[in-house]
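Visitor: Sharing a structure below in structure tokens format, with a few things to ask.
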Amino acid sequence: MAAAAPVINNWNPSMKHSDMERWICIYPAYINSKRTRQEGRRLPKENCVDNPTYIEIRDVLSVSNLPFLMENKKYSRENSSELEFRGRVRVQLRNVDGTLYNGDFPTRESIMQHIASKIPQLKTRQNKSGESYHQQSQQQSNASGSGGGGGGGKKGKGKRR
């Protein structure tokens with residue numbers, strides 16, 4: 001049988017800041033520049049990133065010296081249930097006594113701004129831009145050429161002699 005995920009209880013006032021239920025949640029939609037505020041973006045567009053994933057958020061947080069936990073949850077404002085849009089990251093903001101865990105990150109907004117500023121510097125993100133441009137140019141050339149598939153025009157009779 002598979003190992004069970006950590007049990008997360010409902011919040012109550014007696015919980016400590018170190019309990020996972022008190023850790024802040026960060027969804028990729030919070031820092032997605034393609035989203036509107038109504039669709040869940042929490043930062044200004046100029047501070048956000050195009051289509052971040054929870055894996056990229058994990059990569060940034062693993063270097064930032066903050067304890068975090070990955071969860072396979074779907075953001076409530078997300079329409080698609082595909083795997084690439086799933087994922088939530090919980091981050092510990094405060095110690096048991098209520099003091100900040102890391103003085104560089106006093107608020108959840110500061111953590112989100114840090115993540116959004118570091119994602120473009122990831123190696124995976126730097127390689128993606130070149131690959132996506134190459135893939136888009138291939139798709140356009142395939143669409144303009146006469147490839148297989150539907151939608152082709154009417155076949156002519158040919159040349160009369």
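The values are calculated or read from the model by the stated rules, or taken from the named source; none is laboratory data. Owing to the predicted nature of the structure, the values given are computational and were not obtained by experimental measurement. For the accessible areas, the whole protein counts, side chains as well, though only heavy atoms, and no ligand, DNA or RNA atoms are used. Shrake-Rupley method; radii C 1.70, N 1.55, O 1.52, S 1.80 Å.
Visitor: What is the percent carbon and sulfur in the accessible area of segment 5-109, measuring with a 1.4 Å probe over the protein chains and ignoring ligands?
Guide: 46 percent
Visitor: Given 37 °C and 0.692 mPa s, how large is the Stokes-Einstein diffusion coefficient of segment 16-71 in µm²/s, with Rh as the Kirkwood radius over Cα pairs?
Guide: 266 µm²/s
Visitor: How large is ³J(HN,Hα), in whole Hz, for each residue of segment 39-55 in order, when computed from phi with the Karplus curve 6.51 cos²θ - 1.76 cosθ + 1.60 and θ = phi - 60°, using x for Gly and Pro?
Guide: Residue by residue, segment 39-55 yields 8, x, 5, 10, 10, x, 4, 5, 9, 9, 10, 6, 6, x, 10, 5, 5 Hz.
Visitor: For Lys74, go through the lysines and keep the ones whose alpha-carbon is under 27 Å away, minus same-chain ones fewer than eight residues off.
Guide: The qualifying lysines are Lys16, Lys34, Lys45, Lys118, Lys123, Lys128.
Visitor: How big is segment 31-102 in terms of Cα radius of gyration and Dmax, in angstroms?
Guide: Looking at segment 31-102, its Cα Rg and Dmax stand at 13.7, 39 Å.
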